[in-house]
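The values are calculated or read from the model by the stated rules, or taken from the named source; none is laboratory data. What you see is a predicted model; the values in this text were computed from it and never measured. Note that each Cβ is placed from the backbone with ideal geometry, even for glycine, and that neighbours are counted across all protein chains shown. Note: accessible area is taken over every heavy atom of the protein model, side chains too, but ligands, DNA and RNA are not part of it. Shrake-Rupley method; radii C 1.70, N 1.55, O 1.52, S 1.80 Å.
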Amino acid sequence: MLTDERHRIILDLLKDKETIKIHEIVDMTDASESTIRRDLTQLEQEKFLKRVHGGASRLQGKLKELSVSEKSSKNLHEKRLIGQYAASLIEDGDCIFLDAGTSTLSLIDYLPQLDIVVVTNGLTHVDLLLQKGFKTYLVGGMVKQTTKAMIGSGAVESLKHYRFDKAFMGANGIHAQYGFTTPDPEEAQVKRVAIELAREAMFLTDDSKFGEISFSKIVDIDKAMVITNALDEEQDTAIMKQTTIKVVTT
């Protein structure tokens, strides 16, 4: 079977299923496992799919973005693990930025009872922070309906009044070449400014974000470390060469 024909079969399978296993492709094409692995690597380089452990998955749309309620039900255990570890990095006297999003929201439950100041652009974060008694600042701007994030020029100007010891960020995509990305350019700008104003920046993301590319670039990979729940060293070597990745497991 010709290479182009195998590639067409692989992409057709991904139209019907979000994730496919190598053995499924081997059965469909009667090709060797090593040949299929090379096919998947080539298709990933050409940005048709994303390699995952044991197979491949469909890439998300560049503009696709779930609402807060939709995100809240996904990867809950992983987000709690990541949030708990991230919270352990906070020290007495820190001024932190807490990005909008469900991954950063999970950090609040584990915040230590220290003398810290929290600045956030996440509308959903405020009540929880106040309930735990933290001095909290909400940046100004327009409220984005889907993510409940404060965005726009007002949020950017508001952020510039602060400086942070640590910034805890969220992203929709992590890619060695295209960096950290998110669907909305205005939200990307807020994230970028927060990172620039922080001494340390950390992206809190589950492993499903690796290999994804969204519409708007936030920053390059080397501008922040990553806290995640799993890592495929074979596939994510290029990212590991550019930044620190902390894998948190049970």
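Every pair of different Cα atoms in segment 83-227 enters the Kirkwood calculation, which places the hydrodynamic radius at 14.8 Å. Residues considered: ASP16, ASP206, ASP94. Largest GNM mean-square fluctuation over the chain, using C-alpha springs under 10 Å, is found at ASP16.
The charge dipole of segment 79-128, taken about the Cα centre with unit charges on the Cβ atoms of Lys, Arg (+1) and Asp, Glu (-1), comes to about 280 debye, rounded to the nearest 20.
Measure off, as a whole percent, the carbon and sulfur share of the 1.4 Å-probe accessible area of the chain, all protein chains present.
49
For VAL52, the amide hydrogen comes within under 5 Å of the amide hydrogens of SER57, counting only partners 5 or more places away or on other chains and with H modelled in the peptide plane. The stretch between GLN113 and THR249 holds 46.6 nm of extra length on full extension. This uses 0.36 nm per residue minus the Cα-Cα distance.
One equal scatterer on each Cα of the chain, no solvent, Debye formula: the resulting log10 I(q)/I(0) at q = 0.08, 0.09, 0.12, 0.14 Å⁻¹ is -0.33, -0.42, -0.69, -0.89. Protection proxy ranking, highest mean first, for peptides 165-177, 129-141: 165-177, 129-141, where packing is the per-residue count of other beta-carbon atoms within 10 Å, averaged.
Taking GluC sites (Glu not before Pro) across segment 8-54, the ones in a DSSP loop with at most 15 further Cβ atoms lying within 10 angstrom of their Cβ are GLU18, GLU46. Distance from the C-alpha centroid of segment 137-169 to that of segment 172-219: 15 Å, rounded to the whole angstrom.
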